[in-house]
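Just below is one structure, and these are the notes that go with it.
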Amino acid sequence: PDTAISLNNLALLHHHQGAYAKAEPLYQRALEIREQVLGPEHPDTATTLNNLAGLYECQGNYPMAEPLYIRALAIYEMALGPDHPATATCLNSLAGLYVKQGAYAKAEPLYIRALAIKEEALGPDHPDTATTLNNLAGLYVSQGVYAKAEPLYIRALVIVEKVLGPDHPNTNTVRENLEGCRAAPGA
């Protein structure tokens with residue numbers, strides 16, 4: 001299991017650096033170890049599934065990403081419960097995939113559920129709550145529903161400014177998203 005942790009972390013590093021060809025075999029090896037040693041229904045197995053799905057999503061390989069997200073979500077719900085923050089993170093990831101595919105009707109309930117879990121489990125002023133607020137707002141912007149997006153961006157911005165500070169990269173991202181929403185034609 002410790003080897004799988006190192007493999008997964010190294011894969012994450014390569015993933016974030018855009019070295020996808022280096023990341024994929026490391027994720028796959030970590031997944032293989034975790035499934036064999038911890039079992040196919042273990043939360044750590046779900047974490048690697050979620051990470052591998054994220055890699056495929058970054059590569060635009062949505063047909064490979066979706067079933068991995070769905071499997072990870074099922075594991076988290078079963079092993080940790082439907083209201084666990086890890087479940088919410090996976091919901092958020094799957095919703096993001098659906099947004100990229102233009103499947104907004106599938107994404108919205110996942111974001112709403114993830115937001116409710118994060119508000120309850122982490123609190124309304126947690127940075128992870130702000131992330132889901134930002135993502136849900138982005139969904140509404142994609143749909144042209146600016147009146148729903150703007151208050152979510154404002155709420156997310158208040159949280160990240162307070163918790164992370166006014167110059168943090170996440171704060172700047174939310175601020176730019178809010179400005180983009182306000183400047184959009186028809187907003």
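Heavy-atom accessible area, probed at 1.4 angstrom with all protein chains present, ranks MET64, MET78 as MET78, MET64, highest first.
According to the square roots a ≥ b ≥ c of the eigenvalues of the Cα gyration tensor, what is the shape class of segment 13-73, taking rounded for a/c under 1.5, prolate for a/b larger than b/c otherwise, and oblate for the remainder? In terms of gyration-tensor shape, oblate.
Nearest 500 deg cm²/dmol is fine: what mean residue ellipticity at 222 nm does the chain get from its DSSP H runs of n ≥ 4 alone, each adding -39,500 (n - 2.57), divided by its residue count? Present the calculation step by step, with values, prior to reporting the outcome.
Values: 9 runs with 150 residues, N = 187.
Value at 222 nm, helices only, nearest 500: -27000 deg cm²/dmol.
Overall, the accessible surface of the chain at a probe of 1.4 angstrom is composed of carbon and sulfur to the extent of 56 percent. Comparing mean-square fluctuations of ASN177, ASN61, ASN92 from a GNM of the chain with C-alpha springs under 10 Å, the top value falls on ASN61.
For the chain, the longest principal axis of the Cα atoms and the long axis of helix 104-121 meet at an angle of about 90 degrees.
Assuming 0.890 mPa s and 25 °C, estimate D for segment 97-170 with Stokes-Einstein, Rh taken as the Kirkwood radius over Cα pairs, in µm²/s. Show your work: numbers first, answer last.
Values: Rh = 12.5 Å.
It comes out at roughly 197 µm²/s.
With a simple spin-label model that places each label point 7 Å from the Cα along the Cα-to-Cβ direction, the separation between LYS162 and SER142 comes to 2.8 nm. Charge tally around THR129: other residues with Cβ under 11 Å, Lys/Arg +1 each, Asp/Glu -1 each, net -2.
Once you order the gyration tensor axes a ≥ b ≥ c over the Cα atoms, which shape class does segment 53-119 get: rounded for a/c under 1.5, otherwise prolate or oblate by comparing a/b with b/c? All intermediate terms of the calculation are to be shown ahead of the outcome.
Working: a/c = 2.36, a/b = 1.38, b/c = 1.72.
Judged from the Cα gyration tensor, segment 53-119 comes out oblate (a/c at least 1.5, b/c at or above a/b).
Based on alpha carbons, the Rg and Dmax found for the chain are 17.1, 54 Å. Straight-line reach from LYS106: taking Cα to Cα under 24 Å and skipping same-chain neighbours fewer than 8 places apart, the lysines in range are LYS118, LYS148.
Between ASN61 and ASN172, the FRET efficiency estimated from the beta carbon spacing at R0 = 41 angstrom works out to 0.90.
Simple spin-label estimate for ALA103 and LEU38 gives 2.6 nm between the two label positions (7 Å along the Cα-to-Cβ direction from each Cα).
The values are calculated or read from the model by the stated rules, or taken from the named source; none is laboratory data. Keep in mind that this is a model prediction, so the values were computed, not measured. All Cβ positions, even for glycine, are placed from backbone atoms using ideal geometry, and neighbour counts span all protein chains on display. Note: areas computed on protein heavy atoms with side chains; ligands, DNA, RNA excluded. Shrake-Rupley method; radii C 1.70, N 1.55, O 1.52, S 1.80 Å.
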